[in-house]
Every structure is written in structure tokens, then in C-alpha cells.
Amino acid sequence: MRRTTDAVPSTVGMRLQSNAALSDRCEEFIRELYAEHGTLLLRYAARLLGGDWHRAEDILQEAAVRAWKHASALDMNVAEARPWLYTVVKNLVIDQHRARKVRPAEAMSLQLLDISVADGTERLLTSQVVIEALGEVTDQHREIIKLMYYLECSVAQVSAHLGIPPGTVKSRSYYALRALRKVLEDRGVTG
């Protein structure tokens, strides 16, 4: 007979331990990645950017974030990640260049600038309008918006929380935002 005070392994505890271990491995992966490839990638990005070291550092950081997000796909193998990283850096530089070509920097005179002090009033009013508009969407839409945009849960987390497939979460979030936008347009807030 088993006593109720016997220790029973908890799946939640095991999940937390595995998440902590995965986090530690990812952190070590990024450290090794910077140590082995950081300087070379920084030079490569700077050369592609015409010697702009500040933008090159931004590109390197974005490449590291993407490597961290794709660590499991890269099998956390730092040595084999180099070609992938060079491709990511090159694509980020191309994207940045294209974004600048679409909208070139404009030279404005200081007289045309509207220099105002941000007191939070506009933000407060906007949040109040959005809260009122959320009252007019369905409960399903309101719940998806709350989980994904206010609590910043991922699709997988929302899927697990609501017990629905990830594709359904994506679909509901699309239609929830569409419904919210429609309510805001009806109120004359957006155009």
C-alpha cells in the first residue's frame, strides 16, 4: 500500500528543470558563438556596411538573437553555425539597405520639428479607447488579444493554455485584431 506522503515526481518540476537546463545550454551556446565567431562576423558586417561599426554591432546582435532562437535547429553546434551566421548577417544587411532605399533620410530644419513634452496624456487616452473597444469584441477575441498582446504569450503558450491547436490560435488572433480594428474604425479612431 502506498502512503499519500510518498514523493511523486512532478511533471511540472521536471519541465522546469529541463527548461532551466535548456536555457543554460542556450546561454553557453551564445557565449561560445560570440567567442568563436563574434569578431569575424563584426568585421564582415562592417565591411558590408561600408565601415559603419555601430550598425555592424546592431547586425551582430540581431544575428546572435536569431541564432539563440534557432539554437535547437543548429543542434547547438558552434563550429557548424558559421555558414548560417554569415548568411544571416548578409541578409540582415541587405534588408537594412533595402529599408533605407525605400525611404531615404530627409533633411529637416529645426523650425519644422514639433518639439513637445511627452506627458502621457495621449497614451492614456489611447489605452482608454482601446479598452472600451475591447468591450465590443467577442469574449473569444478579447481573450486571444489579452493573452497574445497584453501578456505577450507565444502561440504555443496560448495553444497550451486554451487547449486548442496553434493554427487555431493564429487564426483567432488574426480575426480578433481585424474585429478590434473594425470597432476602432467605427469609432473614428483609425482610418
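The values are calculated or read from the model by the stated rules, or taken from the named source; none is laboratory data. In this text the structure is predicted, and so the values were computed from the model without any measurement. FYI the Cβ positions are ideal-geometry reconstructions off the backbone, even for glycines, and counts take in every protein chain you see.
Which residues, taken from region 82-117, are under 20 Å from His70 (Cα atoms) and modelled with pLDDT under 85? Don't jump to the end; show me each part of the working.
The initial filter retains those residues of region 82-117 that are under 20 Å from His70 (Cα atoms), namely 82-93, 95.
Across region 82-117, the qualifying residue is only Arg82.
Just need a number here: residues in region 116-162 that are exposed (fewer than 13 other Cβ atoms within 10 Å of the Cβ) and in a loop (DSSP other than H, G, I, E, B).
So the count comes out to 10.
Quick check on my filter: what residues within region 66-84 are out of contact with any helix residue (DSSP H, G or I) (no Cβ under 7 Å at 6 or more places or on another chain), surrounded by 12 or more Cβ atoms within 10 Å (Cβ to Cβ) and outside any loop (DSSP other than H, G, I, E, B)?
Trp84, the sole residue that qualifies.
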